[in-house]
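Visitor: Let me begin by handing over the structure; questions about it come next.
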Amino acid sequence: MTADQPMYALSEEHQAIREAVRAVCDAKVAPYAAEVDEEARFPQEAHDALVASDFHAPHVAEQYGGAGADALATVIVIEEVARADVSASLIPAVNKLGSLPVIIGGSEELKARYLSKLAAGDGMFSYCLSEPEAGSDAANQKTRAVRDGDGWVLNGTKRWITNAGESEFYTVLAMTDPDSRSRGISAFVVEKSDEGVSFGAPEKKLGIKGSPTREVYLDKVRIPADRLIGEEGKGFEYAMKTLDHTRITIAAQAVGVAQGALDYALGYVKERQQFGKPIGDFQGLQFMIADMGMKIEAARQMTYAAAGRSERGDADLTFFGAAAKCFASDVAMQVTTDAVQLLGGYGFTRDYPVERMMRDAKITQIYEGTNQVQRIVMARQLLAGVQSDL
Ligand SMILES: Cc1cc2nc3c(=O)[nH]c(=O)nc-3n(C[C@H](O)[C@H](O)[C@H](O)COP(=O)(O)OP(=O)(O)OC[C@H]3O[C@@H](n4cnc5c(N)ncnc54)[C@H](O)[C@@H]3O)c2cc1C
């Protein structure tokens with residue numbers, strides 16, 4: 001331990017990042033959150049503000065022109081954006097998700113080409129793993145990539161792709177050797193402008209309405225050989241390693257939206273009067289508030305501990321990523337539901353932000369693997385004897 005490092009606390013740099021992101025979000029993200037939800041439109045103002053402040057893809061290394069944020073700093077950015085608007089938080093989160101397979105498996109040439117564009121704000125990155133028949137059973141890929149001369153031809157349908165249509169770049173998983181199941185899957189970079197790429201209608205969703213979710217259609221899409229990420233047949237391995245790191249960003253979204261709901265409810269219970277006093281004076285509500293704050297803090301600590309493991313690449317990252325995502329998203333659902341309760345009938349209306357937060361929180365229990373899948377992952381790790389290094 002070093003004398004100048006406070007014990008078990010955020011560094012000054014991490015605290016400064018939180019303050020800087022919060023200032024951007026207070027000014028340029030939160031004011032548009034209700035409108036973005038109501039109109040189910042892309043949060044363009046948030047996107048532009050995040051690009052201008054270099055928080056749109058903070059994980060990209062400095063050598064590619066990025067901010068070079070470590071895993072914990074990236075989590076703090078996503079948490080703060082989600083506190084203001086979960087839809088907008090999918091911009092930094094999915095930019096990491098889409099580009100991480102390139103970072104994990106890609107050649108130096110591929111990284112230099114795409115990460116520099118991502119960092120410069122010249123195009124977002126999406127991640128195309130899911131398909132109509134490949135949800136929790138993600139290895140059941142029907143999209144095919146076949147060698148053709150010095151390139152590849154891709155055919156298939158990707159479903160539920162976040163930022164589809166908005167992103168310029170897509171990491172696409174496709175079967176290259178169907179007999180080898182997960183070891184026959186490869187990963188490619190596809191560009192929006194590639195001939196044969198098109199998009200389905202935006203899904204009509206319960207929450208995160210500002211985050212576009214569409215199908216991606218690949219119809220005889222011909223790409224050069226250098227768009228293969230890493231080695232043929234290793235795509236599924238890159239995709240799963242990616243999720244180990246990015247499930248922590250979903251946990252961050254969950255912590256952020258829960259904190260946003262608690263902060264709003266705290267202000268409300270001090271103002272709203274019933275029986276001649278602020279409703280926050282009632283012990284029944286104080287106990288709810290205490291539980292909300294306690295659960296959020298537990299989720300945050302677990303998420304930050306997992307981020308440390310992501311940064312170091314610890315052996316217990318898979319367990320911690322799944323545990324943080326599962327725990328924090330369950331907390332987000334409980335806390336946002338309780339925030340609606342604290343506002344009574346007003347909480348149930350769109351005049352107040354907590355019903356949006358409750359709808360937005362739900363997705364964190366579903367994507368990047370449902371919470372049932374996270375429990376499968378955790379149990380496997382525990383049964384295999386992977387121990388926490390604490
Ligand atoms: C808004 C949104 C955005 C998304 N963004 C992306 C994206 O950008 N890229 C991408 O690739 N995917 C994305 N997804 C897909 C998402 O990751 C999947 O929806 C998720 O993994 C679940 O797959 P599924 O919907 O097919 O559900 P299914 O796999 O059909 O699951 C249905 C139910 O069965 C349960 N279940 C399934 N298998 C088991 C089992 N073995 N044991 C116990 N229970 C089980 C599940 O937990 C769930 O409750 C997104 C989804 C949504 C809704």
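The values are calculated or read from the model by the stated rules, or taken from the named source; none is laboratory data. Quick caveat: nothing in here was measured; it's all calculated off a predicted structure. Methodologically, a virtual Cβ is constructed for each residue, glycine included, from the backbone with ideal geometry; neighbour enumeration extends over all protein chains shown.
Visitor: If you go through the stretch 97-114 one residue at a time, do you hit one that is among the acidic types (D, E), buried (at least 19 other Cβ atoms within 10 Å of the Cβ) and modelled with pLDDT of 95 or more?
Guide: Step one: of the stretch 97-114, the residues among the acidic types (D, E) are 108-109.
With the extra rule that they be buried (at least 19 other Cβ atoms within 10 Å of the Cβ), the set shrinks to none.
Within the stretch 97-114, not a single residue is among the acidic types (D, E), buried (at least 19 other Cβ atoms within 10 Å of the Cβ) and modelled with pLDDT of 95 or more.
Visitor: Which condition number does E109 fail, the rest of (1) without any contact (Cβ under 8 Å) to a residue 60 or more places away in the chain; (2) over 24 Å from D360 (Cβ atoms) being met?
Guide: (1)
Visitor: From (1) in contact with an Asp or Glu (Cβ under 8 Å, 6 or more places away or on another chain); (2) outside the structural domain of Y170 (by TED's automatic domain parsing); (3) within 16 Å of the ligand (Cβ to nearest atom), pick out the condition that doesn't hold for Q259.
Guide: Every condition holds for Q259 apart from (3).
Visitor: Ok, one more. Quick check on S186: is it small (G, A, S), in a strand (DSSP E or B), within 11 Å of the ligand (Cβ to nearest atom) and buried (at least 22 other Cβ atoms within 10 Å of the Cβ)? Explain how you work it out, then say what you get.
Guide: On the way: small (G, A, S): yes; in a strand (DSSP E or B): yes; within 11 Å of the ligand (Cβ to nearest atom): no; buried (at least 22 other Cβ atoms within 10 Å of the Cβ): yes.
For S186, the condition - small (G, A, S), in a strand (DSSP E or B), within 11 Å of the ligand (Cβ to nearest atom) and buried (at least 22 other Cβ atoms within 10 Å of the Cβ) - is not met.
Visitor: Just to confirm my filter: which helices (runs of 4 or more DSSP H) fall fully inside the stretch 273-390 and include at least 2 residues that are within 16 Å of the ligand (Cβ to nearest atom)? Break it down stepwise before answering.
Guide: On the way: elements: 283-312, 317-342, 344-347, 354-362, 371-383.
In the stretch 273-390, the matching helices (runs of 4 or more DSSP H) lie at 317-342, 354-362, 371-383.
Visitor: Continuing with this model, one more query. Might you check whether a residue that is away from the ligand (no atom under 11 Å from the Cβ), surrounded by fewer than 22 Cβ atoms within 10 Å (Cβ to Cβ) and farther than 29 Å from E39 by Cβ occurs anywhere in the stretch 197-217?
Guide: no
Visitor: Right, another one. Select from the stretch 11-51 the residues that are surrounded by fewer than 17 Cβ atoms within 10 Å (Cβ to Cβ), free of Cβ contacts under 8 Å to residues at least 60 places away in the same chain and either hydrophobic (A, V, I, L, M, F, W, C) or not in a helix (DSSP H, G or I) (or both) and list them in ascending order.
Guide: Those that are surrounded by fewer than 17 Cβ atoms within 10 Å (Cβ to Cβ), free of Cβ contacts under 8 Å to residues at least 60 places away in the same chain and either hydrophobic (A, V, I, L, M, F, W, C) or not in a helix (DSSP H, G or I) (or both): S11, A16, A20, A23, A27.
Visitor: Right, another one. Out of Y8, Y64, which single residue is modelled with pLDDT under 95 and either in the same structural domain as Q301 (by TED's automatic domain parsing) or under 28 Å from D244 (Cβ atoms) (or both)?
Guide: Just a single option satisfies the conditions, and that option is Y8.
Visitor: Tally time: how many residues in the stretch 133-151 are part of a loop (DSSP other than H, G, I, E, B), out of contact with any Leu (no Cβ under 7 Å at 6 or more places or on another chain) and more than 8 Å from the ligand (Cβ to nearest atom)?
Guide: Result for the stretch 133-151: 6.
Visitor: Cβ contacts < 6 Å: first residue over 18 Å from D85 (Cα atoms), restricted to the stretch 360-374; second residue more than 7 Å from the ligand (Cβ to nearest atom), any location; separation 6+ or different chain. Result?
Guide: So the pair list comes out as E368/L243; E368/R247; E368/I250; N371/C326; N371/Q365; Q374/A322; Q374/K325; Q374/C326.
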